[in-house]
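Everything on this sheet refers to the single structure shown next.
The values are calculated or read from the model by the stated rules, or taken from the named source; none is laboratory data. Source: prediction; values computed, not measured. With ideal geometry, Cβ positions are generated from the backbone for all residues, glycine too; neighbour counts draw on all protein chains shown. Each accessible area value is taken on the protein alone, full model and side chains, heavy atoms only, with ligands, DNA and RNA left out. Shrake-Rupley method; radii C 1.70, N 1.55, O 1.52, S 1.80 Å.
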Amino acid sequence: MAVALIAAPATIAPPAALVPAAVAVLAVAAAILRRPPGPASPVLAAGLFAGISLIADAVCPGPRNLVALWLPFEFAALLVLGGRVIRRADPRRAFLAGGVLVAALLALPLRFTLRLPQPAFGPSVVAVALATFPAACAVGVGLHLRAQDDQRARAVQQARHDQRLEVARDLHDFVAHEVTGILLEVQAAQVCGYDEQQNLELLARLEAAGLRALDSMDHTLRTLRDPQASADAEPPPTRVHGLADIPELVDRFLASGAAGALVLEPGLPGAAPREIEDAAYRIVLEALTNVRRHAPRAERLDVEVVRTVHAAGPAVRVTVTDGGRPRGHRGSGGPARRSTGGTGLTALAERTGALGGTLSVGPHADGWRVRAVLPLHPAPATS
């Protein structure tokens, strides 16, 4: 609307007014739009408009009354562009583009004074001198804001450094403490002969210390993880797994003595895109990890990976269900299952949603169930 109002007088003005009107409209548009459309950067656009303004000073054919009509708008826009470039651009570009903008600001009054009925040297010098003060103010404001931004960036960097040191202290105080205790228990067990009851007590202590160490790691990861960052912003895995790797994963888990079964539909491995298969594998891995941590004495574990129909078409359904504690079991079996875990399931939920699928986690019968539905044709990434 501002650009339209500035350009409106040109519709009833002589054709000679098109040059000063067009330059003023372009400069105001560049000042209002913080990022110009197209591939041009804001610094390049500002320098381009400053160059156009300098060219217009030399070729503008209009009389001085038409020049004076749009000159204040162009001058104000160049001030904004100059301060913005000096504040935001890197030092080299700020020097080059800022110099061109300052030159355009100082030369702009000459477009009016050189078109007086009797051009004189004195009015031009006075006009340039008057333009120097606001130009210097724009440069000073830009430099001041640039210095504040640099100071803020240094403060953020220092805060991150302090946070990393605090996390390192937490790891040393909590995780390393628990791991050291586990090592001492194991070393003592190698020297002393324990009976069956002492072995059970030793394993219970080792389990509790390991769970406390994992809880400390969870706390550390929640501290480091950016709550505003999506799963897509996380670094990619060093290896991409697939559905064909799930049987080995489940077999390793069941080798510890748990009962369970895996249902993997024939022909499904290799039929889905790599990102879908990798997401399915990581969902099973995270679910098994949570079972090991929060329900280590679950009486049964069932993993099912089959085809299904999603709202967007064919999909693969991944279900991991544990049976909870054995009935009548008493004593310490690890902490009660938490309603919210670490960042693993949160990241997987974001990743599943980005692929166009769904992830549900919650109680099921006497145990817990994790179920994900992933489309065989993932949704395209949106910007």
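Note on Val59: accessible area is roughly 90 Å² with a 1.4 Å probe, heavy atoms of protein only. For the range 78-155, the gyration tensor built on C-alpha atoms gives a prolate shape. Its axis ratio a/c (a ≥ b ≥ c) is at least 1.5, and a/b is the larger of a/b and b/c.
A simple count of charges around Ile86, restricted to other residues whose Cβ falls under 12 Å of its Cβ and scoring Lys, Arg +1 and Asp, Glu -1, yields +3. Backbone phi angles across the range 70-80, fed through the Karplus curve with coefficients 6.51, -1.76 and 1.60 (θ = phi - 60°), yield HN-Hα couplings of 9, 4, x, 5, 5, 5, 5, 5, 5, 4, 5 Hz in residue order; Gly and Pro are listed as x.
Full extension of the segment from Val156 to Glu248, taken as 0.36 nm per residue of separation minus the current Cα-Cα distance, would add 28.7 nm.
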